[in-house]
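Some notes on the structure that comes next.
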Amino acid sequence: MFEILFLGTSASAPSAKRGLSAQVVKHDEFRFLIDCGEGTQRQILQSGLGFKNLTRILLTHGHLDHILGLGGLLSTFLRWEAVDKLEIYGGRSTLDRVHDLLYGVVLRGNQPPMPLHLNEIKPGPFFETDDFTVTAFPVSHRGPDCLGFVFEGRARRPFLPEKADELGVPFGPERRDLVAGREITLGDGKRITPDDVLGPLRKGAKLVVVGDAGKTENLLEVSKDADTLVIESTYLDEEAEMASQFHHLTARQGAELAVNAGVKKLILTHISRRYREKDVLKEAQAIFPNTAVARDFDSFQIKREE
Ligand SMILES: [Zn+2]
Ligand SMILES: [Zn+2]
């Protein structure tokens with residue numbers, strides 16, 4: 001299961017109610033901050049999330065409304081808050097601009113207060129644990145090296161406790177061994193195999209996060225069967241021409257992608273000050289009913305829906 005917490009949901013400039021792009025994806029003790037618009041550190045404080053464990057930052061692209069908050073964040077780390085390390089992931093040209101901001105403006109010859117790594121990533125998996133993976137994929141927007149991210153739980157066979165009870169498997173290490181795929185022998189010599197107590201393979205939860213994007217055709221494959229798709233919605237259909245001119249999407253385009261990719265839930269973000277939230281929602285829901293428009297501090301859980 002994943003959780004996504006929206007810290008900033010405004011497009012291009014903040015509004016009274018919406019901060020600039022930032023969201024945190026959580027899984028167990030892991031935290032991934034995706035984008036870091038201006039003001040993100042205050043949103044982090046206000047959300048109660050805290051800075052601890054917030055050591056991984058993934059960047060969708062290098063536009064200022066998605067990266068300027070890194071300067072303030074690092075400045076705070078220089079004086080106040082301590083984190084063990086900071087790993088920033090993004091495409092080449094995104095990291096070039098971030099390097100200028102952090103080393104040219106904030107640090108200016110000083111050492112970072114913690115190990116600071118700018119990790120260039122290309123489309124493909126770049127972070128894995130025993131039970132989930134994070135994969136980058138290419139997104140078309142203004143400028144090169146724009147990326148989106150897929151968080152996917154590994155497929156697992158669920159443990160069936162009633163079967164284990166029936167077979168007399170005691171609680172404790174025996175059950176752990178079976179879950180780990182090891183055969184066990186009970187006190188009476190009876191052998192139990194993992195197949196005896198594990199159900200059929202089940203896919204893990206899938207969360208797809210797209211930052212700014214100018215078209216959706218190349219997002220169809222990667223969004224297939226996602227439990228939740230998060231995507232920008234800077235314009236409404238009435239200004240579709242302007243959307244395409246500035247390489248952004250309309251609510252309608254996001255909703256059509258959700259339908260075509262067969263996702264379970266759609267969350268729209270990167271909302272422009274020029275529209276009312278309810279109009280964005282209405283346009284998308286007419287096409288894909290299970291749509292939400294994210295507000296700052298909204299949080300959603302992503303589970304595998306059967
Ligand atoms: Zn943007
Ligand atoms: Zn952008």
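Every number in this text was worked out from the coordinates using simple rules, so none of it is lab data. As the structure is a prediction and not an experimental result, all values here were calculated from the model. Cβ: placed from backbone, ideal geometry, glycine included. Neighbour counts: every protein chain shown.
For residue 282 and residue 167 in one chain, what is 0.36 nm times their gap in residues minus the Cα-Cα distance, to one decimal in nm?
36.0 nm is the gain from fully extending residue 282 to residue 167.
State, as an integer percentage, the relative contact order of region 127-204 based on alpha-carbon contacts under 8 Å between residues 6 or more apart.
It comes to 29 percent, rounded to a whole number.
Below 14 angstrom from the Cβ of residue 22, what's the summed charge of the other residues (Lys, Arg +1; Asp, Glu -1)?
That works out to -1.
Are any of the pairs 26/278; 17/122; 17/52; 122/265; 17/265; 52/265 more than 32 Å apart by Cα-Cα distance, and if so, which?
17/122
Consider all pairwise Cα distances in region 38-154 and report the whole-number % of them above 17 Å.
58
Rounded to the nearest 0.05, what FRET efficiency do residue 218 and residue 110 have when you use their Cβ-Cβ distance and R0 = 45 Å?
For R0 = 45 Å, the calculated efficiency reads 0.65.
Assuming 1.567 mPa s and 4 °C, estimate D for the chain with Stokes-Einstein, Rh taken as the Kirkwood radius over Cα pairs, in µm²/s.
Answer from the Stokes-Einstein relation: 62 µm²/s.
Tell me, what is the percent relative contact order of region 178-301, built from C-alpha pairs under 8 Å that lie six or more residues apart?
Here the relative contact order equals 21 percent.
Expressed in nm to one decimal, what extension gain is obtained for the pair residue 256 and residue 301 from 0.36 nm per residue of sequence separation less their Cα-Cα distance?
13.9 nm
How big, in percent, is the set of alpha carbon pairs in region 144-207 lying more than 15 Å apart?
57
Quick one: in region 77-218, what % of C-alpha pairs are over 19 Å apart?
Result: 68 percent of Cα pairs exceed 19 Å.
If the chain between residue 85 and residue 179 were fully stretched, how many nm would it gain, using 0.36 nm times the residue separation less the Cα-Cα distance?
30.5 nm
Using a 7 Å offset from Cα along Cα-Cβ at residue 133, what residues in region 150-186 end up with backbone N under 15 Å from the label point?
It comes to 150-156, nothing else.
Tell me which lysines have Cα within less than 24 Å of residue 190's Cα, excluding those fewer than 8 residues away on the same chain?
Those lysines meeting the cut-off are 163.
I want to check the label-to-label distance for residue 195 and residue 240. Put each point 7 Å from Cα in the C-beta direction and report it in nm to one decimal.
Calculated label separation equals 5.4 nm.
Between residue 46 and residue 202, how many nm apart are label points set 7 Å from Cα along the C-beta direction?
According to this spin-label approximation, the distance is 3.7 nm.
Quick one: compute the contact order of the chain, relative version, from alpha carbon pairs under 8 angstrom and 6+ residues apart, as a percent.
The normalised contact order for the chain reaches 17 percent.
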